[in-house]
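The values are calculated or read from the model by the stated rules, or taken from the named source; none is laboratory data. This is a predicted model, so every value here is computed, not measured. Don't worry about glycine lacking a Cβ; one is built from the backbone with ideal geometry, like all the others, and counts go over all protein chains shown.
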Amino acid sequence: MKQLKCAVIGLGMGHNHLLSYQNNSRAELVGAADLDEKKLDRAEVAAPGIRTFTDYAEMLRETQPDVVSIALPNSLHLPVAVACMEAGADVLCEKPMSTDLAGALEMQSEAERLGRTIYMNLSQRFNPFHRAARKLVGSGVLGEVYHGYTSWTRRDGMPGFGGWFGQKALSGGGPLIDLGVHRIDIALWLMGNPKPVTVSGVTHHHRGIPLARKQGKVFDVEDFASGLVRFENGASLLFEISWAGFQEAHERQALRLVGTEGGLEAEPGANGWELVLSHDVGNVPMASRMSAPKGNAPYSCEELVDSILDGTDFPATARDGIRMQIILDALYTSAESGHEIDVKSFAPAAFALL
Ligand SMILES: NC(=O)c1ccc[n+]([C@@H]2O[C@H](COP(=O)([O-])OP(=O)(O)OC[C@H]3O[C@@H](n4cnc5c(N)ncnc54)[C@H](O)[C@@H]3O)[C@@H](O)[C@H]2O)c1
């Protein structure tokens, strides 16, 4: 049986990629790289016999992988993706594609120059629950979806101060580019990926910066963001994302789609994620609640291996990464300027790719 030679760079989140390749009979896990030797030790325990490296360039030379998972601080996605592609590998890039739109576009143009493919780990698209929601929306039961609302809000969920997540040069931003990517992507995906035409964003910095300053730590990103995106088809998406913001629950996620024939709400319930479908049957308003049991979803890497070996489509592409990055850049620019951003004139080349 043909096996795909897979490797992983960055072993925080990347450890899950490693486990997925290790447990896949169609994948040969050829190497893993991280600067942190403890993470390499953990990889060796999880995947006995794996070759580990502190220098990813050496790993690429020594192991010649077909595909590499990149799970590094966001500012390293671009240079490391280019190095992997120059070494002849395709790339599964963790979200977000880069710290900004320029980085995402450069990554894609390097992929074209080198004849390689970037796949995106927009991981919530691989969750069976979201797949079920997409099937439901695709069945037409909501009619035309004209509005979406999504949120992921934490009361006190700031990453540890001093790390890369809180430094704009390394991360690109705060919870918007961290948690917001997931929620906005899923909403867009369920709405059929309409083209964004205007974007209005607000970011707040009331909690993180003063707390970090007290500890003498660098932290220069927002801790709360909200915004509105309008789409070419007339639809709208409203969102709220936070690492810190007073609310009763420690953490809350929600999604709501409103269509001409019905509505869909999705949120975590006591026994797993739940979908609530509202529509009229005759003149009677009806609501049906469906729940998906808790449990581990099959990992995106599993689907990636099958896609590459079988030549089938992978459901999260560079174009999806670029679409998200246009929205993020426009939201941050809107927040800084205090004005709504017209996407077509803000990023004409990227807009044309959508
Ligand atoms: N899809 C998801 O659900 C999900 C979840 C968490 C994180 N992520 C993404 O994964 C990426 C990594 O996030 P994380 O939470 O694992 O961060 P992390 O800080 O826990 O892990 C990053 C790892 O990269 C290593 N590293 C840094 N520079 C390196 C270099 N030059 N060479 C080799 N290794 C290096 C660090 O030692 C660290 O182990 C980010 O882009 C993040 O947005 C995605």
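Okay, here's what the table says:
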item	result
Residue ranges of helices (runs of 4 or more DSSP H) in the stretch 101-174 with at least 3 members surrounded by fewer than 16 Cβ atoms within 10 Å (Cβ to Cβ)	101-114, 128-138
Test: residue in the stretch 22-30 that is away from the ligand (no atom under 12 Å from the Cβ), crowded, with 21+ Cβ neighbours inside 10 Å and small (Gly, Ala, Ser)	yes
Some residue of the stretch 116-124 being at pLDDT 95 or above and more than 16 Å from Pro315 (Cα to Cα)	yes
Single residue of the stretch 66-92 satisfying the filter (in contact with a Gly (Cβ under 7 Å, 6 or more places away or on another chain) and touching a residue at least 40 places away in the same chain (Cβ under 8 Å)) that is farthest from the ligand (Cβ to nearest atom)	Ser69
Residue match in the stretch 51-62 (condition: surrounded by 18 or more Cβ atoms within 10 Å (Cβ to Cβ), under 25 Å from Ile322 (Cα atoms), more than 10 Å from the ligand (Cβ to nearest atom) and of a type in the set (Val, Ile, Thr))	no
Scope the stretch 1-13; condition within 12 Å of the ligand (Cβ to nearest atom) and surrounded by fewer than 24 Cβ atoms within 10 Å (Cβ to Cβ); matching residues	Gly12, Met13
Hits in the stretch 255-267 - residues which are at pLDDT below 95 and surrounded by fewer than 16 Cβ atoms within 10 Å (Cβ to Cβ)	Glu267
Any hit, the stretch 166-175, residues being within 12 Å of the ligand (Cβ to nearest atom) and hydrophobic (A, V, I, L, M, F, W, C)	yes
Spans of helices (runs of 4 or more DSSP H) in the stretch 294-354 with at least 3 residues modelled with pLDDT of 95 or more	300-310, 318-337, 343-346
Failed criterion for Ala104 (all others in (1) within 26 Å of Pro293 (Cβ to Cβ); (2) within 14 Å of the ligand (Cβ to nearest atom) hold)	(1)
Arg134 being more than 16 Å from the ligand (Cβ to nearest atom) and assigned by TED's automatic domain parsing to the domain that holds Ala225	yes
Residue count, the stretch 40-49 (criterion: in contact (Cβ under 8 Å) with a residue 24 or more places away in the chain and either within 12 Å of the ligand (Cβ to nearest atom) or not in a helix (DSSP H, G or I) (or both))	4
